[in-house]
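As structure tokens, the structure follows; a few thoughts come after it.
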């Protein structure tokens, strides 16, 4: 014994050699070889056993049988080893000794060996009761001992157990697989796929094999092809997929140093390298690797579903008499709840059947038969440019696109058969394209289909659900198919290298839909949606959406409200279809806020109409041309600070003058410039100052104090808190002294701002001294309107009243005392009727929207108006 | 050691992060939070139906630093997160008793 190598140390040595060979890439049949060296070990242990020979093999024959993966010769580096010690009759007492001899040394070297000791009868009755046991026995393989015992076992397993329980077993298998798919269908498993249990994992293949063995008594996997269950090319592809996934799994066992079947992030990059993937077409090696893996697993998953579906149907129908068959449209028929072609020749005669069958599938909610999918693939060469451009083909395609979602996805079937890429070759680079991060859960092609699916679900949202709002918007869209097309192709730019997939994609879709013969306007809409599909989310998260200018700029992108609806829905669907990291309630709220703000601006039409955009652009150009002394960059910065309303309503020569004032302002508290308008008897006084609450009332007060009658005023606040107040005042009666008057105004204003001049008492005297020559006329009652609906950013207060000296000061002072900050104001006087409009926020920068506050403000203003006119009247 | 928590406007994250990286802060926790303070929620009306926006989406930043560094961190956040409008958020500074790095078992300063 000491001279000879023990079977176990031989096993260890062989295994090491085998692994070394595998890592060098020199052992394509590792799994089989691995199982075989285990077989050798068992055989030698058995032969050298001291207990074995005393167990009267002639009286009670026994055998060592490999089960499970070991039985299938699918032995990975760290797989466990399942063995059955089978006895023809009862289990003798010596069996324990044999187990000690054979299995204990294997445990000692750290092998995970599980064994069962059973008699033939126990095995069979257990298999009837417990389908897990049945499953492991289906894979049983003879290792050593009496081989006829193994044959007995398999014969009875098929002849008795499966004949009696076959149907229940297949139902059980199919149910268990559905459970497994549900459990591993979670998005985390897409990022880190489970190679064994996951969707398209090796279990899917095993399940096919079990079903095949139970149903058709198949011995070798190859029989699947020989018996016509798979075509030659399908079997070929299946073998390739299996070989790839198996190699990955074996490497994963090696890298992780344990029986690890889930492809965690930490191993993905390493695996891509060892498997020889290289950076290609702007894709990282790991993205290429994961793309290939997804492709193979997807294939396996589909084969599994088709195969199992067929087996379940076949079993279930065994009692019925005849297949139902009906023609749904010439050339296409429905057989057993699946659509098929009448004959392959029919396709040759009428290639459009290739798309018609998908259309029917979408309309009827019936899937394509396995055979039909296969035929579509084989005849794809018929899809040429003429086919792609055909009106009828595009119409059918569009019907699939807009059809209500079923339990299965027809678009997915179009993608899987290659039909979609045949129709839109631009999508080719997207199939199984992976983006390597934790954010993008799905390959690009799957993500696009999910986006379409989610768009349709949003459109279909029931009124009492969370998504009802989206459903409402969807129904407002006149051409929802344009939105769905955009959803299907919004990431098509990812098929190319380089950055900016949105603009790349916009170019591509222009090309696609021109080829398809879409009207120009529709092409514009789709390419707009593709171009801007990230815009709303970026703005919501990265920009200050409480800044009116940002929102107005955002609104100017949309030619109408419907485009906003479409882009908003696309943004929601795109984010949801990306993965859990790209969408949550938090983002939903941010995005909805932005949506509403943009919506209101578009609905009001004032600031973001195409005309408004034009006007502002023209002014900008004009100012840039004329302000030659200022560097372009400074001008850009300044323009960025100007509010949309200011830019829209201020003539460009005034903007120029304001810029000049602002440049001169420096550390001064304010600058005042008075100008006479030729041929009129009024003056324009422009004040540029650092804004603070109460500024406006102080200016108005100082003007009144100096007998300057205010005819009108415009107040703007730049975003950098620079106030530009433009007053129209009546020329002073004595124009000779005008310069002195303005000097006094500046002086007073300086004192007032410093708090050295108390305006209230000074004005009180003034108003009393101001013997107004107001005539007695019929007064209409004062009106104060507080409007919170027009703007998302400001509360708008409109005041209609009769003019009296110091009115503007009184009103603005009241607003200040109500703790309101004036951002924009328009003051207009017609004869003695005054219309004042103020855009205000409270000192915190918020709109005033509580009904209590609103009532208090109205009350305060009305009181001011009443007192003011009384005062004025008293002194008449 | 101090723990500094700041609730900021979402679009200010990049600025704040950049500012903190510049002064050598390497780690921080960022979470999406919702709440309201003086900036209240509001109601939006679309085609007659009301949509209530109760909470304002914000980001919460957590940074743990040595006490000496805390004033500097606070200053950077304050500066970078400011827009001057309502809802710029708040910064909370608390004293921290202990920090343990689970992997190595390091404690205190070493574990930050």
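Every number here is computed from the coordinates shown, using simple stated rules; none is lab data. From a predicted model like this one, the values you see are computed outputs, not experimental measurements. Cβ: placed from backbone, ideal geometry, glycine included. Neighbour counts: every protein chain shown.
Couple of notes before you dig in:
- Segment A:2-155: C-alpha gyration tensor shape, a/c 1.5 cut-off, then a/b vs b/c: oblate
- Cα centroid separation, segment A:245-262 to segment A:99-117 (Å): 23 Å
- Cα-based helix-to-principal-axis angle, A:120-129 vs chain A, degrees rounded to 10: 30 degrees
- For chain A, the longest principal axis of the C-alpha atoms and the axis of helix A:759-769 are separated by about 40°.
- FRET efficiency estimate (nearest 0.05) - Cβ-Cβ, residue A:585 to residue A:342, R0 45 angstrom: 0.30
- Normalised radius of gyration (Cα atoms, divided by 2.2 N^0.38 Å) for segment A:628-699: 1.22.
- Shape box of segment A:222-370 [Cα atoms, principal axes, largest first, Å]: 56, 39, 28
- Contact order relative to length of chain B, as percent, for alpha carbon pairs under 8 angstrom and 6 or more apart: 42 percent
- Using the rule -39500 (n - 2.57) for each DSSP H run of four or more residues, divided by the residues of chain A, the 222 nm mean residue ellipticity is -17500 deg cm²/dmol.
- With Cα atoms, 0 to 90° folded angle of helix A:265-274 axis to chain A main axis: 60 degrees
- Between segment A:697-765 and segment A:1-44, the Cα center-to-center distance that results, in Å: 100 Å
- When restricted to Cα atoms, segment A:494-545 yields an Rg and a Dmax of 12.9, 41 Å, respectively.
- Each part reduced to its alpha carbon centroid, segment A:395-439 and segment A:590-626 end up 37 Å apart.
- With R₀ fixed at 51 Å, the C-beta to C-beta distance from residue A:126 to residue A:606 puts the FRET efficiency at about 0.05.
- Relative contact order (%) - criterion: Cα under 8 Å, at least six apart; region: segment A:237-315: 29 percent
- At q = 0.12, 0.20 Å⁻¹ the log10 of I(q)/I(0) for segment A:411-488 amounts to -0.43, -0.92, computed by Debye summation with a single uniform scatterer per C-alpha, solvent ignored.
- From largest to smallest, the equivalent ellipsoid semi-axes obtained for segment B:2-111 from the alpha-carbon gyration tensor read 33, 16, 11 Å.
- Once both labels are positioned 7 Å from their Cα atoms along Cα-to-Cβ, the gap between residue A:371 and residue A:849 label points is 6.4 nm.
- Rounded to two decimals, the Cα radius of gyration of segment A:458-554 over 2.2 N^0.38 Å is 1.24.
- Per the Cα gyration tensor, chain A maps to an equivalent ellipsoid with semi-axes of 83, 31, 24 Å, ordered largest to smallest.
- Summary value for chain A: 6 percent relative contact order, contacts being C-alpha pairs under 8 angstrom separated by 6+ residues.
- With contributions of -39500 (n - 2.57) from each DSSP H run of at least four residues, the per-residue ellipticity at 222 nm computed over chain B stands at -5500 deg cm²/dmol.
- Peptides A:426-435, A:664-673 ordered by average Cβ neighbours within 10 Å, highest first: A:426-435, A:664-673
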